[in-house]
1. Give the average, rounded to an integer, of partner chain Cβ atoms located within 10 angstrom of each Cβ in A:30-41.
2. For region A:194-244, what does the equivalent ellipsoid look like in terms of its semi-axes, each the square root of 5 times an eigenvalue of the Cα gyration tensor, given largest first in whole Å?
3. In a solvent-free Debye calculation with one equal scatterer on each Cα, what is log10 I(q)/I(0) for region B:56-225 at q = 0.10, 0.11, 0.13, 0.20 Å⁻¹, listed in the order of the q values?
4. Using θ = phi - 60° and the Karplus form 6.51 cos²θ - 1.76 cosθ + 1.60, what ³J(HN,Hα) does each residue of region A:170-176 get, whole Hz, x for Gly and Pro?
5. In square angstrom, rounded to the nearest 10, how much accessible surface does B:T144 have for a 1.4 Å probe?
6. Can you give the accessible area per residue of chain A, in Å², using a 1.4 Å probe?
7. List the residues, sorted by chain then number, that are 5 or more residues from A:T178 or on another chain and whose placed amide H is less than 5 Å from its amide H.
8. Using the 7 Å Cα-to-Cβ label point, sort the distances from B:F237 to its equivalents in the other copies shortest first and give them in nm to one decimal.
2 protein chains.
Amino acid sequence: MIEDKDFCHYSGLFSVASYEQKEIMTDSVTQLDYSQIMAMESRKRAQLINSLGGFKSVCLISTIDGTGSTNVAIFNSIFHIGANPPLIAFIVRPDSVDRHTLSNILETGMYTINHLNENIYKQAHQTSARYAKEISEFDATGLTREFKNGWKAPFVKESRIQMGVEFKQRLDIALNGTIMVIGEIKHISFPSDCLCVDGFVDIEKAKSITCSGLDSYHTTYRIGRLSYAKPDSTPNFVNIAYED
Amino acid sequence: MIEDKDFCHYSGLFSVASYEQKEIMTDSVTQLDYSQIMAMESRKRAQLINSLGGFKSVCLISTIDGTGSTNVAIFNSIFHIGANPPLIAFIVRPDSVDRHTLSNILETGMYTINHLNENIYKQAHQTSARYAKEISEFDATGLTREFKNGWKAPFVKESRIQMGVEFKQRLDIALNGTIMVIGEIKHISFPSDCLCVDGFVDIEKAKSITCSGLDSYHTTYRIGRLSYAKPDSTPNFVNIAYED
(Lines give C-alpha, C1' and ligand atoms only; values in the text may rest on other atoms or scores of the structure.)
Protein backbone atom coordinates (compact mmCIF):
# COMPACT_ATOMS: atom_id res chain seq x y z
CA MET A 1 0.00 0.00 0.00
CA ILE A 2 1.43 3.33 -1.04
CA GLU A 3 -0.10 6.65 -0.25
CA ASP A 4 2.19 9.14 -1.85
CA LYS A 5 -0.33 11.86 -1.30
CA ASP A 6 0.39 11.71 2.41
CA PHE A 7 4.11 11.76 2.09
CA CYS A 8 5.10 14.07 -0.70
CA HIS A 9 4.22 17.45 0.72
CA TYR A 10 7.70 18.74 0.13
CA SER A 11 8.29 22.43 0.08
CA GLY A 12 11.12 24.89 0.20
CA LEU A 13 14.44 23.56 -1.06
CA PHE A 14 13.36 19.95 -1.25
CA SER A 15 11.68 18.12 -4.06
CA VAL A 16 10.61 14.54 -4.58
CA ALA A 17 13.11 14.18 -7.39
CA SER A 18 16.08 15.32 -5.37
CA TYR A 19 15.34 12.78 -2.67
CA GLU A 20 14.58 9.82 -4.88
CA GLN A 21 11.38 9.31 -2.99
CA LYS A 22 10.67 5.68 -2.32
CA GLU A 23 7.67 3.69 -1.34
CA ILE A 24 6.34 4.22 2.15
CA MET A 25 4.31 1.44 3.63
CA THR A 26 1.20 2.61 5.36
CA ASP A 27 0.39 -0.73 6.91
CA SER A 28 -1.03 -1.17 10.36
CA VAL A 29 0.51 0.91 13.15
CA THR A 30 0.55 -0.15 16.80
CA GLN A 31 0.11 2.68 19.28
CA LEU A 32 0.72 2.24 22.99
CA ASP A 33 -0.10 4.78 25.68
CA TYR A 34 1.60 5.05 29.05
CA SER A 35 -0.79 2.76 30.90
CA GLN A 36 -0.34 0.08 28.24
CA ILE A 37 3.46 0.41 28.39
CA MET A 38 3.48 0.13 32.19
CA ALA A 39 1.05 -2.82 32.17
CA MET A 40 3.45 -4.93 30.13
CA GLU A 41 5.33 -7.81 31.75
CA SER A 42 8.68 -6.34 32.82
CA ARG A 43 10.99 -8.39 30.54
CA LYS A 44 8.74 -7.69 27.57
CA ARG A 45 8.78 -3.98 28.37
CA ALA A 46 12.58 -4.10 28.69
CA GLN A 47 12.81 -5.61 25.19
CA LEU A 48 10.39 -3.03 23.80
CA ILE A 49 11.97 0.07 25.35
CA ASN A 50 15.50 -1.09 24.56
CA SER A 51 14.51 -1.59 20.91
CA LEU A 52 12.97 1.85 20.57
CA GLY A 53 16.20 3.55 21.61
CA GLY A 54 17.47 2.87 18.10
CA PHE A 55 20.72 1.35 16.87
CA LYS A 56 23.43 1.63 19.49
CA SER A 57 27.13 1.84 19.94
CA VAL A 58 28.05 -1.55 21.38
CA CYS A 59 31.54 -2.02 22.82
CA LEU A 60 33.57 -4.11 25.20
CA ILE A 61 34.73 -2.17 28.25
CA SER A 62 37.75 -3.68 29.94
CA THR A 63 39.09 -2.88 33.38
CA ILE A 64 41.62 -4.03 35.94
CA ASP A 65 41.38 -3.93 39.72
CA GLY A 66 44.09 -3.08 42.24
CA THR A 67 45.22 -6.69 42.48
CA GLY A 68 45.65 -7.07 38.72
CA SER A 69 42.48 -9.03 38.03
CA THR A 70 40.99 -8.09 34.68
CA ASN A 71 37.38 -7.77 33.61
CA VAL A 72 35.69 -7.28 30.25
CA ALA A 73 31.98 -6.60 29.72
CA ILE A 74 29.70 -5.61 26.87
CA PHE A 75 27.91 -2.26 27.01
CA ASN A 76 25.39 -0.91 24.54
CA SER A 77 24.80 2.53 26.03
CA ILE A 78 28.00 4.26 24.98
CA PHE A 79 27.70 7.80 23.67
CA HIS A 80 29.74 10.76 22.52
CA ILE A 81 29.84 13.76 24.85
CA GLY A 82 32.29 16.06 23.11
CA ALA A 83 35.53 16.28 21.14
CA ASN A 84 37.31 19.05 23.06
CA PRO A 85 38.21 17.56 25.44
CA PRO A 86 37.52 14.12 23.90
CA LEU A 87 34.81 12.75 26.21
CA ILE A 88 32.85 9.52 25.99
CA ALA A 89 30.26 8.17 28.41
CA PHE A 90 28.24 5.07 29.20
CA ILE A 91 25.45 4.00 31.53
CA VAL A 92 25.99 1.44 34.28
CA ARG A 93 23.28 -0.59 35.99
CA PRO A 94 24.72 -1.25 39.48
CA ASP A 95 22.59 -4.32 40.13
CA SER A 96 23.98 -6.18 37.11
CA VAL A 97 27.28 -7.66 35.98
CA ASP A 98 28.20 -4.05 35.23
CA ARG A 99 29.13 -3.63 38.89
CA HIS A 100 32.60 -5.18 38.46
CA THR A 101 33.33 -2.74 35.66
CA LEU A 102 32.22 0.20 37.77
CA SER A 103 34.12 -0.80 40.91
CA ASN A 104 37.32 -1.38 38.93
CA ILE A 105 37.03 2.00 37.21
CA LEU A 106 36.48 3.77 40.52
CA GLU A 107 39.47 1.89 41.99
CA THR A 108 42.04 2.35 39.23
CA GLY A 109 40.66 5.32 37.27
CA MET A 110 41.20 3.84 33.82
CA TYR A 111 39.58 1.52 31.34
CA THR A 112 39.45 0.67 27.66
CA ILE A 113 36.58 0.84 25.18
CA ASN A 114 36.84 -1.61 22.26
CA HIS A 115 34.55 -1.84 19.24
CA LEU A 116 32.85 -5.12 18.41
CA ASN A 117 33.20 -6.76 15.05
CA GLU A 118 31.56 -9.79 13.47
CA ASN A 119 34.39 -12.10 14.59
CA ILE A 120 33.88 -11.49 18.29
CA TYR A 121 30.26 -10.51 18.83
CA LYS A 122 29.33 -13.89 20.33
CA GLN A 123 32.19 -13.79 22.81
CA ALA A 124 31.30 -10.17 23.51
CA HIS A 125 27.66 -11.08 24.17
CA GLN A 126 28.79 -13.91 26.44
CA THR A 127 30.60 -11.45 28.72
CA SER A 128 27.15 -10.43 30.00
CA ALA A 129 26.79 -13.78 31.80
CA ARG A 130 27.00 -13.51 35.59
CA TYR A 131 30.46 -14.92 36.13
CA ALA A 132 31.85 -14.93 39.67
CA LYS A 133 34.17 -12.02 40.48
CA GLU A 134 37.22 -14.31 40.52
CA ILE A 135 36.62 -15.47 36.93
CA SER A 136 37.86 -13.11 34.23
CA GLU A 137 35.56 -12.92 31.23
CA PHE A 138 38.73 -12.92 29.12
CA ASP A 139 39.47 -16.48 30.19
CA ALA A 140 35.84 -17.57 30.05
CA THR A 141 35.18 -16.30 26.54
CA GLY A 142 38.58 -16.57 24.85
CA LEU A 143 38.98 -12.87 24.21
CA THR A 144 42.62 -11.80 24.46
CA ARG A 145 44.07 -9.20 26.83
CA GLU A 146 46.39 -6.76 25.10
CA PHE A 147 48.59 -4.60 27.31
CA LYS A 148 50.25 -1.74 25.44
CA ASN A 149 51.27 1.88 25.50
CA GLY A 150 51.72 1.82 29.25
CA TRP A 151 47.97 1.62 29.73
CA LYS A 152 47.14 -0.29 32.89
CA ALA A 153 43.78 -1.71 31.80
CA PRO A 154 43.97 -4.25 28.98
CA PHE A 155 42.68 -3.63 25.48
CA VAL A 156 40.77 -6.37 23.67
CA LYS A 157 43.25 -7.62 21.10
CA GLU A 158 40.59 -8.85 18.65
CA SER A 159 38.98 -5.40 18.52
CA ARG A 160 40.11 -3.25 15.61
CA ILE A 161 39.14 0.09 17.18
CA GLN A 162 40.36 0.61 20.72
CA MET A 163 40.40 3.53 23.11
CA GLY A 164 42.27 4.00 26.37
CA VAL A 165 40.02 6.08 28.63
CA GLU A 166 40.65 7.91 31.89
CA PHE A 167 37.79 8.21 34.37
CA LYS A 168 36.58 11.79 34.79
CA GLN A 169 33.16 11.93 36.43
CA ARG A 170 30.32 9.85 37.79
CA LEU A 171 26.78 11.21 37.56
CA ASP A 172 24.08 9.38 39.50
CA ILE A 173 20.68 9.30 37.84
CA ALA A 174 18.22 9.31 40.72
CA LEU A 175 15.25 8.56 38.46
CA ASN A 176 16.19 4.88 38.21
CA GLY A 177 19.43 4.35 40.12
CA THR A 178 21.67 4.08 37.06
CA ILE A 179 25.04 5.77 36.85
CA MET A 180 26.59 7.71 33.99
CA VAL A 181 30.37 7.29 33.76
CA ILE A 182 32.26 9.94 31.80
CA GLY A 183 35.84 9.46 30.69
CA GLU A 184 38.43 11.23 28.59
CA ILE A 185 39.93 9.44 25.58
CA LYS A 186 43.69 9.33 26.05
CA HIS A 187 44.75 6.71 23.55
CA ILE A 188 43.30 5.59 20.20
CA SER A 189 44.12 2.67 17.89
CA PHE A 190 42.42 2.01 14.55
CA PRO A 191 43.28 0.47 11.17
CA SER A 192 45.29 3.03 9.23
CA ASP A 193 43.37 2.44 6.01
CA CYS A 194 40.12 3.56 7.68
CA LEU A 195 41.20 7.16 8.34
CA CYS A 196 39.82 9.84 6.04
CA VAL A 197 41.50 13.14 5.22
CA ASP A 198 38.99 15.13 7.30
CA GLY A 199 39.54 13.04 10.43
CA PHE A 200 36.52 10.77 9.94
CA VAL A 201 37.27 7.14 10.74
CA ASP A 202 35.32 4.72 8.55
CA ILE A 203 34.18 2.32 11.25
CA GLU A 204 32.15 0.37 8.71
CA LYS A 205 35.33 -0.35 6.78
CA ALA A 206 36.88 -1.39 10.12
CA LYS A 207 34.00 -3.92 10.40
CA SER A 208 32.54 -2.41 13.56
CA ILE A 209 28.98 -3.54 14.17
CA THR A 210 25.93 -2.11 15.91
CA CYS A 211 23.15 -3.59 18.02
CA SER A 212 19.49 -3.03 18.67
CA GLY A 213 17.46 -4.01 21.68
CA LEU A 214 19.25 -6.24 24.17
CA ASP A 215 20.58 -8.93 21.87
CA SER A 216 20.32 -8.14 18.14
CA TYR A 217 23.59 -7.53 16.25
CA HIS A 218 23.85 -5.87 12.85
CA THR A 219 26.45 -5.03 10.23
CA THR A 220 25.97 -1.80 8.32
CA TYR A 221 25.88 -0.53 4.75
CA ARG A 222 26.67 3.13 4.13
CA ILE A 223 24.02 5.14 2.31
CA GLY A 224 26.29 8.15 2.19
CA ARG A 225 28.05 10.95 3.98
CA LEU A 226 26.32 14.31 3.74
CA SER A 227 27.86 17.75 3.59
CA TYR A 228 27.56 20.29 6.41
CA ALA A 229 23.99 21.63 6.37
CA LYS A 230 23.39 25.30 5.57
CA PRO A 231 20.02 27.09 5.44
CA ASP A 232 20.25 28.06 1.78
CA SER A 233 21.33 24.79 0.19
CA THR A 234 20.48 21.11 0.24
CA PRO A 235 23.00 18.55 1.50
CA ASN A 236 25.30 16.86 -1.00
CA PHE A 237 27.16 13.61 -0.75
CA VAL A 238 30.70 13.88 0.61
CA ASN A 239 33.33 11.74 -1.04
CA ILE A 240 35.04 9.23 1.22
CA ALA A 241 38.67 10.27 0.79
CA TYR A 242 41.07 8.10 2.76
CA GLU A 243 44.46 9.27 3.96
CA ASP A 244 47.30 7.83 1.93
CA MET B 1 47.75 -10.84 5.84
CA ILE B 2 46.43 -13.34 8.33
CA GLU B 3 48.06 -14.14 11.62
CA ASP B 4 45.86 -16.77 13.12
CA LYS B 5 48.42 -17.51 15.74
CA ASP B 6 47.69 -14.17 17.35
CA PHE B 7 43.95 -14.48 17.25
CA CYS B 8 42.93 -18.02 17.98
CA HIS B 9 43.83 -18.40 21.63
CA TYR B 10 40.35 -19.53 22.52
CA SER B 11 39.77 -21.33 25.76
CA GLY B 12 36.93 -22.30 28.03
CA LEU B 13 33.60 -22.79 26.32
CA PHE B 14 34.65 -21.27 23.04
CA SER B 15 36.34 -22.89 20.11
CA VAL B 16 37.36 -21.70 16.70
CA ALA B 17 34.83 -23.99 15.10
CA SER B 18 31.89 -22.75 17.12
CA TYR B 19 32.60 -19.18 16.11
CA GLU B 20 33.29 -19.76 12.43
CA GLN B 21 36.49 -17.85 12.83
CA LYS B 22 37.11 -15.53 9.94
CA GLU B 23 40.10 -13.76 8.59
CA ILE B 24 41.42 -10.91 10.67
CA MET B 25 43.42 -8.33 8.85
CA THR B 26 46.57 -7.37 10.63
CA ASP B 27 47.36 -4.45 8.39
CA SER B 28 48.84 -1.22 9.59
CA VAL B 29 47.38 0.26 12.78
CA THR B 30 47.40 3.97 13.60
CA GLN B 31 47.93 4.79 17.26
CA LEU B 32 47.40 8.26 18.67
CA ASP B 33 48.30 9.39 22.16
CA TYR B 34 46.69 12.25 24.04
CA SER B 35 49.09 14.93 22.86
CA GLN B 36 48.54 13.89 19.24
CA ILE B 37 44.77 13.92 19.70
CA MET B 38 44.83 17.38 21.27
CA ALA B 39 47.22 18.74 18.62
CA MET B 40 44.73 18.00 15.84
CA GLU B 41 42.87 20.83 14.14
CA SER B 42 39.55 21.10 16.01
CA ARG B 43 37.17 20.12 13.18
CA LYS B 44 39.34 17.16 12.33
CA ARG B 45 39.38 16.08 15.97
CA ALA B 46 35.59 16.47 16.10
CA GLN B 47 35.25 14.12 13.11
CA LEU B 48 37.68 11.64 14.66
CA ILE B 49 36.18 11.52 18.15
CA ASN B 50 32.62 11.44 16.84
CA SER B 51 33.51 8.46 14.63
CA LEU B 52 35.09 6.49 17.44
CA GLY B 53 31.92 6.65 19.51
CA GLY B 54 30.55 3.91 17.25
CA PHE B 55 27.25 3.59 15.43
CA LYS B 56 24.62 5.79 16.99
CA SER B 57 20.93 6.15 17.49
CA VAL B 58 19.99 9.04 15.22
CA CYS B 59 16.54 10.58 15.58
CA LEU B 60 14.52 13.71 14.94
CA ILE B 61 13.46 15.48 18.11
CA SER B 62 10.46 17.72 17.66
CA THR B 63 9.22 20.38 20.05
CA ILE B 64 6.73 23.22 20.31
CA ASP B 65 7.06 26.49 22.19
CA GLY B 66 4.43 28.33 24.23
CA THR B 67 3.24 30.29 21.19
CA GLY B 68 2.71 27.18 19.07
CA SER B 69 5.87 27.46 16.95
CA THR B 70 7.29 24.05 16.13
CA ASN B 71 10.87 22.90 15.82
CA VAL B 72 12.48 19.70 14.61
CA ALA B 73 16.19 18.85 14.85
CA ILE B 74 18.41 15.84 14.30
CA PHE B 75 20.24 14.33 17.28
CA ASN B 76 22.73 11.48 17.24
CA SER B 77 23.40 11.12 20.95
CA ILE B 78 20.19 9.42 22.04
CA PHE B 79 20.51 6.58 24.51
CA HIS B 80 18.48 4.19 26.60
CA ILE B 81 18.48 4.80 30.36
CA GLY B 82 16.03 2.20 31.60
CA ALA B 83 12.75 0.42 30.94
CA ASN B 84 11.05 0.80 34.32
CA PRO B 85 10.19 3.62 34.18
CA PRO B 86 10.78 3.88 30.41
CA LEU B 87 13.51 6.55 30.24
CA ILE B 88 15.42 7.87 27.26
CA ALA B 89 18.06 10.60 27.17
CA PHE B 90 20.04 12.75 24.78
CA ILE B 91 22.88 15.26 24.88
CA VAL B 92 22.37 18.92 23.97
CA ARG B 93 25.09 21.36 22.93
CA PRO B 94 23.74 24.75 24.07
CA ASP B 95 25.84 26.76 21.64
CA SER B 96 24.37 25.01 18.59
CA VAL B 97 21.01 24.78 16.82
CA ASP B 98 20.11 22.41 19.65
CA ARG B 99 19.29 25.42 21.80
CA HIS B 100 15.78 25.84 20.31
CA THR B 101 15.02 22.22 21.12
CA LEU B 102 16.21 22.66 24.70
CA SER B 103 14.39 25.92 25.36
CA ASN B 104 11.14 24.51 23.97
CA ILE B 105 11.43 21.37 26.11
CA LEU B 106 12.08 23.42 29.23
CA GLU B 107 9.10 25.67 28.35
CA THR B 108 6.47 23.06 27.50
CA GLY B 109 7.83 19.89 29.13
CA MET B 110 7.20 17.58 26.21
CA TYR B 111 8.73 16.49 22.94
CA THR B 112 8.76 13.66 20.44
CA ILE B 113 11.59 11.36 19.33
CA ASN B 114 11.23 9.99 15.80
CA HIS B 115 13.44 7.40 14.09
CA LEU B 116 15.07 8.23 10.78
CA ASN B 117 14.62 6.05 7.73
CA GLU B 118 16.19 6.09 4.30
CA ASN B 119 13.37 8.21 2.87
CA ILE B 120 13.97 11.16 5.15
CA TYR B 121 17.60 11.13 6.18
CA LYS B 122 18.53 14.03 3.92
CA GLN B 123 15.74 16.22 5.25
CA ALA B 124 16.69 15.09 8.75
CA HIS B 125 20.33 16.05 8.18
CA GLN B 126 19.22 19.41 6.81
CA THR B 127 17.49 20.27 10.09
CA SER B 128 20.97 20.85 11.52
CA ALA B 129 21.34 24.02 9.45
CA ARG B 130 21.22 27.24 11.48
CA TYR B 131 17.76 28.43 10.59
CA ALA B 132 16.45 31.55 12.30
CA LYS B 133 14.19 30.91 15.29
CA GLU B 134 11.10 32.09 13.36
CA ILE B 135 11.62 29.48 10.62
CA SER B 136 10.35 26.00 11.43
CA GLU B 137 12.57 23.24 10.12
CA PHE B 138 9.35 21.43 9.19
CA ASP B 139 8.61 24.10 6.59
CA ALA B 140 12.22 24.44 5.48
CA THR B 141 12.80 20.73 4.90
CA GLY B 142 9.37 19.44 3.92
CA LEU B 143 8.98 17.11 6.88
CA THR B 144 5.37 16.87 8.02
CA ARG B 145 4.01 17.73 11.48
CA GLU B 146 1.68 15.08 12.85
CA PHE B 147 -0.45 16.02 15.85
CA LYS B 148 -2.11 13.04 17.51
CA ASN B 149 -3.08 11.35 20.75
CA GLY B 150 -3.45 14.70 22.50
CA TRP B 151 0.31 15.16 22.45
CA LYS B 152 1.19 18.85 22.27
CA ALA B 153 4.51 18.49 20.43
CA PRO B 154 4.21 17.24 16.86
CA PHE B 155 5.44 13.86 15.70
CA VAL B 156 7.27 13.55 12.38
CA LYS B 157 4.72 11.93 10.10
CA GLU B 158 7.29 10.32 7.80
CA SER B 159 8.95 8.53 10.73
CA ARG B 160 7.78 4.97 11.25
CA ILE B 161 8.82 4.73 14.92
CA GLN B 162 7.69 7.60 17.09
CA MET B 163 7.75 8.32 20.80
CA GLY B 164 5.96 10.98 22.80
CA VAL B 165 8.29 11.92 25.65
CA GLU B 166 7.75 13.93 28.85
CA PHE B 167 10.69 15.92 30.22
CA LYS B 168 11.95 14.56 33.55
CA GLN B 169 15.41 15.88 34.37
CA ARG B 170 18.25 18.05 33.13
CA LEU B 171 21.81 17.13 34.12
CA ASP B 172 24.52 19.68 33.37
CA ILE B 173 27.88 18.22 32.43
CA ALA B 174 30.41 20.70 33.77
CA LEU B 175 33.32 19.02 31.95
CA ASN B 176 32.32 20.58 28.62
CA GLY B 177 29.10 22.54 29.15
CA THR B 178 26.80 20.04 27.50
CA ILE B 179 23.44 19.08 28.98
CA MET B 180 21.84 15.68 29.34
CA VAL B 181 18.07 15.72 28.95
CA ILE B 182 16.17 12.75 30.38
CA GLY B 183 12.55 12.06 29.51
CA GLU B 184 9.94 9.41 30.13
CA ILE B 185 8.36 7.65 27.16
CA LYS B 186 4.61 8.17 27.38
CA HIS B 187 3.45 7.22 23.91
CA ILE B 188 4.81 4.82 21.29
CA SER B 189 3.89 4.20 17.63
CA PHE B 190 5.51 1.56 15.43
CA PRO B 191 4.56 -0.66 12.47
CA SER B 192 2.53 -3.57 13.84
CA ASP B 193 4.37 -6.14 11.74
CA CYS B 194 7.69 -5.25 13.46
CA LEU B 195 6.67 -6.38 16.96
CA CYS B 196 8.03 -9.72 18.17
CA VAL B 197 6.38 -11.98 20.71
CA ASP B 198 8.96 -11.14 23.38
CA GLY B 199 8.46 -7.37 23.07
CA PHE B 200 11.44 -6.77 20.76
CA VAL B 201 10.66 -4.31 17.98
CA ASP B 202 12.51 -5.10 14.78
CA ILE B 203 13.68 -1.60 13.92
CA GLU B 204 15.63 -2.94 10.95
CA LYS B 205 12.39 -4.23 9.46
CA ALA B 206 10.91 -0.80 10.20
CA LYS B 207 13.75 0.62 8.04
CA SER B 208 15.30 2.66 10.83
CA ILE B 209 18.87 3.68 10.05
CA THR B 210 21.98 4.49 12.06
CA CYS B 211 24.78 7.00 11.70
CA SER B 212 28.48 7.26 12.42
CA GLY B 213 30.55 10.34 12.93
CA LEU B 214 28.81 13.61 12.23
CA ASP B 215 27.38 12.90 8.80
CA SER B 216 27.55 9.25 7.70
CA TYR B 217 24.25 7.35 7.40
CA HIS B 218 23.94 3.56 7.24
CA THR B 219 21.28 0.91 6.78
CA THR B 220 21.76 -2.33 8.70
CA TYR B 221 21.78 -6.08 8.11
CA ARG B 222 21.02 -8.36 11.05
CA ILE B 223 23.68 -10.95 11.88
CA GLY B 224 21.45 -12.45 14.52
CA ARG B 225 19.77 -12.21 17.87
CA LEU B 226 21.54 -14.06 20.66
CA SER B 227 20.05 -15.84 23.66
CA TYR B 228 20.44 -14.56 27.22
CA ALA B 229 24.03 -15.28 28.30
CA LYS B 230 24.67 -17.76 31.12
CA PRO B 231 28.06 -18.76 32.54
CA ASP B 232 27.76 -22.45 31.66
CA SER B 233 26.62 -22.26 28.04
CA THR B 234 27.41 -20.45 24.81
CA PRO B 235 24.88 -18.10 23.23
CA ASN B 236 22.50 -19.46 20.60
CA PHE B 237 20.59 -17.66 17.92
CA VAL B 238 17.09 -16.55 18.90
CA ASN B 239 14.40 -16.93 16.28
CA ILE B 240 12.70 -13.73 15.21
CA ALA B 241 9.06 -14.54 16.00
CA TYR B 242 6.70 -11.75 15.09
CA GLU B 243 3.35 -11.20 16.77
CA ASP B 244 0.45 -12.25 14.60
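1. 5
2. Semi-axes, largest first: 25, 17, 8 Å.
3. Normalising to I(0) and taking log10 leaves -0.35, -0.42, -0.60, -1.50.
4. Each residue's phi maps through the Karplus curve to give 10, 10, 7, 9, 5, 4, 8 Hz.
5. 30 Å²
6. The answer is 38 Å² per residue.
7. A:I173
8. Going from nearest to farthest copy, the values are 3.2 nm.
The values are calculated or read from the model by the stated rules, or taken from the named source; none is laboratory data. Remember, predicted model here, so these are calculated numbers, not experimental data. Neighbour counts run over all protein chains shown; Cβ positions are idealised from the backbone, glycine included. Just the protein is used for accessible areas: all its heavy atoms, side chains included, with ligands, DNA and RNA removed. Shrake-Rupley method; radii C 1.70, N 1.55, O 1.52, S 1.80 Å.
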